[in-house]
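The values are calculated or read from the model by the stated rules, or taken from the named source; none is laboratory data. These figures come from a predicted structure and were not determined experimentally. Cβ atoms come from the backbone with ideal geometry, glycine included; neighbour counts cover every protein chain shown. When the accessible area is computed, the model is the full protein with side chains, heavy atoms only, and any ligands, DNA or RNA have been set aside. Shrake-Rupley method; radii C 1.70, N 1.55, O 1.52, S 1.80 Å.
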Amino acid sequence: MIENFEITSVNGKKAIFDSPRFNKDGWLDKYRLKLESSSMNAVMEVENLPYGVSLDEYLSGLANSWSGWEGVKDWECMEGEFSIETTMSK
């Protein structure tokens, strides 16, 4: 089980996902998200509701599209705490 992971942009901005909390059924219930850059630091707790597309499914889809895609692939958590947009050229 991965306890944390980090996404870093080409200009050094970071999104760090850590402190996972699971419910009694083993579902990832909540996690902490830290956003860092040279001029900003923010921390928030994100709920991972058990419906819709999970962050894990979104990131797995990006990994499976390693050769690139056209346009923007986006994801937003169900409660709207944050969203991600990714682009990649073929």
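Within region 54-71, the set of residues being on the phi < 0 side of the Ramachandran plot and either open to solvent by 60 Å² or more (accessible area, probe 1.4 Å) or part of a loop (DSSP other than H, G, I, E, B) (or both) comprises Ser54, Asp56, Glu57, Ala63, Asn64, Ser65, Trp66, Ser67, Trp69, Glu70. Note on region 72-90: residues that are at pLDDT 85 or above and either charged (D, E, K, R) or open to solvent by 50 Å² or more (accessible area, probe 1.4 Å) (or both) amount to 8. Of all the numbered requirements in (1) out of contact with any strand residue (DSSP E or B) (no Cβ under 8 Å at 6 or more places or on another chain); (2) surrounded by 11 or more Cβ atoms within 10 Å (Cβ to Cβ), Tyr51 misses one, and that requirement is (2). Say whether the condition of being in contact with a Pro (Cβ under 9 Å, 6 or more places away or on another chain) and open to solvent by less than 50 Å² (accessible area, probe 1.4 Å) is met by at least one residue in region 31-47. Yes, the conditions are met somewhere in region 31-47.
Candidates are the residues of region 1-39 that are in a strand (DSSP E or B) and acidic (Asp, Glu); the one that is farthest from Ile84 (Cα to Cα) is Asp29.
Taking (1) over 11 Å from the mean Cα position of the chain (by Cα); (2) in contact (Cβ under 8 Å) with a residue 24 or more places away in the chain; (3) outside any loop (DSSP other than H, G, I, E, B) in turn, Ala42 satisfies each apart from (2).
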